[in-house]
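> Structure below; questions to follow.
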Amino acid sequence: MKRPPTIGRAVDRGLAPFRGRRAARLLPQTRLGGPMPWVIAIMVALTVVAASGALSLSNMVSTARGELAGTATVQVVEPDPELRQEQVEAVGDVLGRDPAVAGFRIVPQEDIAELLEPWLGSGEEIEGVPIPALIDVEMRKADDGEALARIENALREIAPRARIDAQSVWLAPVLSALSALKITALALIAMLAFVGAAAVWLAARNALGGNRDTIEIVHLLGGSDDQIARIFQRSILLDAAVGGVLGLVIGVAAMSFLGSQFAALQSGMVAGGSLLAVDWVLILLVPLFAIAIAVYTARMTVLSSLRKTL
Amino acid sequence: MSAPEQEIVQFDNVGLRYGTEREVLSNVSFSLFSSRFYFLTGASGAGKTSLLKLLYLAQRPSRGAIRMFGRDVITLPRDKLPAYRRRMGVVFQDFRLVDHLSAFDNIALPLRVSGVREADLREPVSDMLEWVGLAHRAEARPATLSGGEQQRVAIARAVIGRPEILIADEPTGNVDPEMAVKLLRLFEALNRLGTTVVVATHDIQLLRKVPDSMIMRLSKGMLSDPTGALKYPPRRESGAGGNT
């Protein structure tokens, strides 16, 4: 038998990192064989859809608020057409003199008739129907309640049955419902993140249990908690990356389908919900957040479990 | 070896009990010195494996003090323990090879854990495989190796990093007498290179094969010192005042 091999002090006595493919091989695992990439893919897909919905609703609310801010409508309700026309002109004078009013437009009767056509019909059917006159008013300031009250008082003298309403008041319930939907979507995202972390926690604990002997050996050979945690991190990183990309593709496809369905409605309000460039960046960050949460959860689970050993 | 002997392990009145059972080790006190060869003997159930577990830091004692490489390892924070474990090589009684890794990868494991680059570990691991007569089984998984081959892989893994102390629990239990002698020669060679060797065995014949070895005998959890190997316990134990 030869003398023992001279390997010198090959072993660095410090805590050099044990990482990479060789380290990962310590844990027997067939990638994509386990459920973790698929679980993460589903989580990411649902989160992408929920995030897109939340961002879209947020944009819709912002656009609607922006368009309606500082606008009001005067309704002149008078059955006698001649008297109604006189009152409209008098209201125009009042509006023209008020310093809070930036401008106004008397909505042509033809436009009003067109708006009412689906309900009242057209032509002769509508001829005898007293239709109120409408005046769109643009205020200099948004939500100028004081000016609206002043104008309303002034109108009372010249057109007792005229009324002025801020347009934002009409849509307040709609905007409130949209905001509630947005909050629900954000809550859904938070729950998905929590469920995703819980799934990774369970998977990491399961993997720890299944590899207890290997981990104990690595420990006894001088492997540190950090080194062992890194092996699990790498494993979950690969699973999460595969799942994240897959989930993003599925989520964006679902979102595009929904987007095309809503676009077909040709509603001005829905058009305001289009996603902006910054929204796309946020959506693309979803899988990265998922990977970060998965890796962090796996690390914390492994470290917390290892701390119970010597 | 010309280097002066250093006390690298010191047990002081160490006791170990599992749960509420009686102590499996009682009042164990001894010192181990660098470059010495120790046999730990005793009948089955005498506490040899428990004592070795304390030595390779897989277990904390129920009482007493343990110093290794000049540090109290009982109060040492657990994140400092890996650095101490890397200074040891351990041959486990049940080998503890990683089932899904080849013989080569099992032997390379301590070097990889220590951060040795792949390019730097290929040659020493191949040398070691050749030295234990398993060069032709480098890619074999433990399940396909015989008991003796597994034992040789376990020994190669324990010594590959040139540990300062080698702890072997019944290392010749599964090999034929010829291989047992070969393995002892390996341990002796390492010992000559400065590694302290502790071999737990119940094979009395083995003790005679290493003439300069020192014998520690365990019986019912108590340690005796038939060859005067244990320059410890402290004097207060023998009634002559403290020396620690």
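The values are calculated or read from the model by the stated rules, or taken from the named source; none is laboratory data. Please read all numbers here as calculations on a predicted model, not as lab measurements. Cβ placement follows ideal geometry from the backbone for every residue including glycine, while neighbour counts extend to all protein chains displayed. Remember, those area values only see protein heavy atoms, side chains included, never the ligands or the DNA or RNA. Shrake-Rupley method; radii C 1.70, N 1.55, O 1.52, S 1.80 Å.
> Among the listed residues A:Ala166, A:Ala198, A:Ala172, A:Ala229, identify the single one that is at pLDDT 85 or above and more than 14 Å from chain B (Cβ to nearest Cβ).
Sole residue among the options that is at pLDDT 85 or above and more than 14 Å from chain B (Cβ to nearest Cβ): A:Ala198.
> Among B:Ala189, B:Ala168, B:Ala135, B:Ala143, which is the only one that is buried (at least 24 other Cβ atoms within 10 Å of the Cβ) and either within 14 Å of chain A (Cβ to nearest Cβ) or aromatic (Phe, Trp, Tyr) (or both)?
From the options B:Ala189, B:Ala168, B:Ala135, B:Ala143, the qualifying one is B:Ala168.
> Something else now. How do the helices (runs of 4 or more DSSP H) wholly within the stretch A:216-310 filter down when requiring 3 or more residues that are open to solvent by less than 30 Å² (accessible area, probe 1.4 Å): which remain?
The helices (runs of 4 or more DSSP H) meeting that bar are A:225-263, A:277-306.
> Counting only residues that are more than 7 Å from chain A (Cβ to nearest Cβ) and crowded, with 17+ Cβ neighbours inside 10 Å, which one in the stretch B:102-120 is farthest from the chain's Cα centre (by Cα)?
B:Ser102
> Could you check, for the stretch A:19-42, whether at least one of its residues is at pLDDT below 75 and closer than 30 Å to A:Leu258 by Cβ?
Within the stretch A:19-42 (the criterion being at pLDDT below 75 and closer than 30 Å to A:Leu258 by Cβ), the answer is yes, since at least one residue qualifies.
> Residues being out of contact with any Gly (no Cβ under 9 Å at 6 or more places or on another chain) and in a loop (DSSP other than H, G, I, E, B): count how many of those fall in the stretch B:183-226. Talk me through it step by step, then tell me what you get.
Residues of the stretch B:183-226 out of contact with any Gly (no Cβ under 9 Å at 6 or more places or on another chain): B:183-189, B:191-194, B:196-199, B:204-213, B:215, B:224-226.
This time we only want the ones that are in a loop (DSSP other than H, G, I, E, B), so: B:193-194, B:208-213, B:225-226.
So the answer is 10.
> Every residue in the stretch B:67-82 that is more than 26 Å from B:Leu207 (Cα to Cα) and either part of a strand (DSSP E or B) or open to solvent by less than 50 Å² (accessible area, probe 1.4 Å) (or both), please. Can you show your working first?
Of the stretch B:67-82, the ones more than 26 Å from B:Leu207 (Cα to Cα) are B:67, B:69-82.
Of everything in the stretch B:67-82, those that are more than 26 Å from B:Leu207 (Cα to Cα) and either part of a strand (DSSP E or B) or open to solvent by less than 50 Å² (accessible area, probe 1.4 Å) (or both) turn out to be B:Arg67, B:Phe69, B:Gly70, B:Arg71, B:Asp72, B:Val73, B:Ile74, B:Leu76, B:Leu81, B:Pro82.
> Answer yes or no as to whether B:Asp120 is among the charged types (D, E, K, R), within 19 Å of B:Val91 (Cβ to Cβ) and assigned to a helix (DSSP H, G or I).
When the stated conditions are applied, B:Asp120 does not pass them.
> Within the stretch B:121-131, track down each residue that is more than 7 Å from chain A (Cβ to nearest Cβ) and open to solvent by 20 Å² or more (accessible area, probe 1.4 Å).
Correct list: B:Arg122, B:Glu123, B:Ser126, B:Glu130.
> Tell me which helices (runs of 4 or more DSSP H) are completely within the stretch A:81-196 and hold 2 or more residues being hydrophobic (A, V, I, L, M, F, W, C) and open to solvent by 60 Å² or more (accessible area, probe 1.4 Å), or say none if there are none.
Filter on the stretch A:81-196 gives A:109-120.
> Of everything in the stretch B:59-100, what is closer than 26 Å to B:Ala140 by Cβ, at pLDDT 90 or above and within 7 Å of chain A (Cβ to nearest Cβ)? Give them in sequence order.
B:Val90, B:Arg96, B:Val98
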